[in-house]
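> Below are the structure tokens for one structure; questions will follow.
The values are calculated or read from the model by the stated rules, or taken from the named source; none is laboratory data. What you see is a predicted model; the values in this text were computed from it and never measured. Cβ sites come from the backbone with ideal geometry, for glycine too, and all protein chains shown count toward neighbours. Just the protein is used for accessible areas: all its heavy atoms, side chains included, with ligands, DNA and RNA removed. Shrake-Rupley method; radii C 1.70, N 1.55, O 1.52, S 1.80 Å.
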Amino acid sequence: MSEKIAIIGGGNLGRAIAEGLLKSGFTSAGNVLITRRNTALLADLGARGVQVTSDNLEAVRQARIVILAVKPYNVKDILRELSPVLSDKQHLLVSVVTGVWMEELQKAAGKTLPLFRAMPNTAIAIQESMTCLSHTHAAPQQVADVEALFNVLGKTVTIDEKLMDASTVLGACGIAYALRFIRANIQGGIEIGFDAQTASLIAAQTVKGAAELLIKTGRHPEQEIDKVTTPKGCTIAGLNEMEHQGFSSSLIKGIVASYVKILKP
């Protein structure tokens with residue numbers, strides 16, 4: 001992309017998006033602007049050619065795509081600040097802010113803009129995010145442009161906005177669930193004889209391989225499970241014991257608990 005991208009908010013997520021854009025080659029460093037009050041914390045990005053500034057208005061003036069990566073409690077004030085320079089003729093506005101609906105964003109901006117909500121996860125820093133998108137007032141080419149941006153940072157799926165809270169739980173919180181599963185595998189591996197480093201590699205690569213099997217083949221998990229559960233074998237013995245201890249049930253209950261929490265903080 002040759003047009004400029006402004007990331008308003010250079011915290012962990014904003015920085016991760018900038019890093020992913022640079023590593024992927026989606027655009028040149030000079031086309032990325034990123035803002036933060038303390039610009040010294042972004043000095044390393046500046047050294048690589050990213051335009052680092054504390055001036056939100058100037059960043060938006062220069063950009064075509066504006067990515068809001070600020071705290072939820074700041075987003076409305078920042079949109080009111082940006083309103084004088086936001087234009088439906090120039091800008092696509094993308095919010096990666098949790099829990100703020102598009103209707104609220106449009107109202108805070110004081111105008112109707114091509115608007116997207118995006119829910120990535122922390123794997124965006126290594127271009128492996130699962131990002132859920134929803135949009136309003138966007139033309140097909142604008143949708144394609146935003147999808148292209150997030151596709152270089154992982155994979156995307158377009159959903160109805162009413163599912164955005166659910167996507168936060170399954171895709172963003174889901175990183176923590178998966179990591180906790182891997183951690184448990186590592187602990188089990190150590191108990192049966194591996195050193196921590198080797199157990200960590202085996203557990204992480206095994207989970208990565210399992211995920212890739214589903215993504216690349218489109219098959220249901222049980223189809224792949226059937227391939228490794230031989231009659232009277234060790235795999236089915238382990239799986240059955242996990243189920244006796246409530247493995248699937250506890251995971252489902254955890255997902256639902258997170259969803260209830262996001263609805264009623």
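> Considering only the stretch 140-153, I want to know if a residue exists there that is out of contact with any Ser or Thr (no Cβ under 6 Å at 6 or more places or on another chain) and part of a loop (DSSP other than H, G, I, E, B). Spell out how you get there, then give the answer.
The first filter runs over the stretch 140-153 and keeps only residues out of contact with any Ser or Thr (no Cβ under 6 Å at 6 or more places or on another chain), leaving 140-146, 148-149, 151.
Filter once more, so that each one left must be part of a loop (DSSP other than H, G, I, E, B): none.
No; the residues of the stretch 140-153 include none that is out of contact with any Ser or Thr (no Cβ under 6 Å at 6 or more places or on another chain) and part of a loop (DSSP other than H, G, I, E, B).
> Next up: Among all residue pairs at least 6 apart or on different chains, which show Cβ distances below 7 Å where the first residue, located in the stretch 176-200, is free of Cβ contacts under 8 Å to residues at least 12 places away in the same chain and of a type in the set (Val, Ile, Thr) and the second is surrounded by fewer than 12 Cβ atoms within 10 Å (Cβ to Cβ) and assigned to a helix (DSSP H, G or I)?
As it stands, the answer is Ile190/Ala196, since those pairs meet every condition given.
> Quick check: anything in the stretch 28-51 of a type in the set (Lys, Arg), surrounded by 19 or more Cβ atoms within 10 Å (Cβ to Cβ) and more than 23 Å from Asp145 (Cα to Cα)?
yes
> Keeping to the stretch 114-130, report how many residues are open to solvent by 10 Å² or more (accessible area, probe 1.4 Å), in contact with a strand residue (DSSP E or B) (Cβ under 7 Å, 6 or more places away or on another chain) and of a type in the set (A, V, I, L, M).
Residues flagged as open to solvent by 10 Å² or more (accessible area, probe 1.4 Å), in contact with a strand residue (DSSP E or B) (Cβ under 7 Å, 6 or more places away or on another chain) and of a type in the set (A, V, I, L, M) within the stretch 114-130 amount to 3.
> Please verify whether the stretch 61-68 includes one or more residues that are open to solvent by 30 Å² or more (accessible area, probe 1.4 Å) and out of contact with any Asp or Glu (no Cβ under 8 Å at 6 or more places or on another chain).
yes
> Moving to a separate point now. Give the stretch 71-88 a look and list any residue that's open to solvent by 20 Å² or more (accessible area, probe 1.4 Å), in a loop (DSSP other than H, G, I, E, B) and within 22 Å of Gln142 (Cβ to Cβ), or say none.
Ser87, Asp88
> Of the numbered conditions (1) small (Gly, Ala, Ser); (2) open to solvent by 30 Å² or more (accessible area, probe 1.4 Å); (3) more than 15 Å from Trp101 (Cα to Cα), Ala166 fails exactly one; give the number of that condition.
Of everything listed in (1) small (Gly, Ala, Ser); (2) open to solvent by 30 Å² or more (accessible area, probe 1.4 Å); (3) more than 15 Å from Trp101 (Cα to Cα), Ala166 misses just condition (3).
> Restricting attention to the stretch 225-244, does a residue exist that is more than 30 Å from Arg117 (Cα to Cα), assigned to a helix (DSSP H, G or I), small (Gly, Ala, Ser) and open to solvent by less than 70 Å² (accessible area, probe 1.4 Å)?
Looking for residues that are more than 30 Å from Arg117 (Cα to Cα), assigned to a helix (DSSP H, G or I), small (Gly, Ala, Ser) and open to solvent by less than 70 Å² (accessible area, probe 1.4 Å), one finds at least one in the stretch 225-244, hence yes.
> Being hydroxyl-bearing (Ser, Thr, Tyr) and open to solvent by less than 50 Å² (accessible area, probe 1.4 Å) is the filter; apply it to the stretch 131-163 and report the residue that is farthest from Ala211 (Cα to Cα). Reasoning before the result, please.
Of all residues in the stretch 131-163, those hydroxyl-bearing (Ser, Thr, Tyr) come to 131, 134, 136, 156, 158.
Then keep just the ones that are open to solvent by less than 50 Å² (accessible area, probe 1.4 Å); that gives 131, 134, 136, 156.
On the way: Thr131: 16, Ser134: 25, Thr136: 32, Thr156: 16 Å.
Among those residues, the one meeting the criterion is Thr136.
> Working carefully through the options Met164, Met130, find the one that is in contact with a Cys (Cβ under 9 Å, 6 or more places away or on another chain) and either part of a loop (DSSP other than H, G, I, E, B) or under 18 Å from Ala69 (Cα atoms) (or both).
Only one candidate passes the filter, namely Met164.
> Which members of the stretch 97-113 meet the condition of being surrounded by fewer than 22 Cβ atoms within 10 Å (Cβ to Cβ) and either on the phi > 0 side of the Ramachandran plot or touching a helix residue (DSSP H, G or I) at 6+ places or on another chain (Cβ under 8 Å) (or both)?
Of everything in the stretch 97-113, those that are surrounded by fewer than 22 Cβ atoms within 10 Å (Cβ to Cβ) and either on the phi > 0 side of the Ramachandran plot or touching a helix residue (DSSP H, G or I) at 6+ places or on another chain (Cβ under 8 Å) (or both) turn out to be Thr98, Gly99, Val100, Trp101, Met102, Glu104, Leu105, Ala108, Ala109, Gly110, Lys111, Thr112.
> Just need a number here: residues in the stretch 217-238 that are on the phi < 0 side of the Ramachandran plot and either in contact with an Asp or Glu (Cβ under 6 Å, 6 or more places away or on another chain) or of a type outside the set (Val, Ile, Thr) (or both). Spell out the reasoning first.
From the stretch 217-238, those on the phi < 0 side of the Ramachandran plot are 217, 219-231, 233-238; that's our starting set.
Remaining after also requiring either in contact with an Asp or Glu (Cβ under 6 Å, 6 or more places away or on another chain) or of a type outside the set (Val, Ile, Thr) (or both): 219-224, 226-227, 231, 233-234, 237-238.
Total meeting the criteria: 13.
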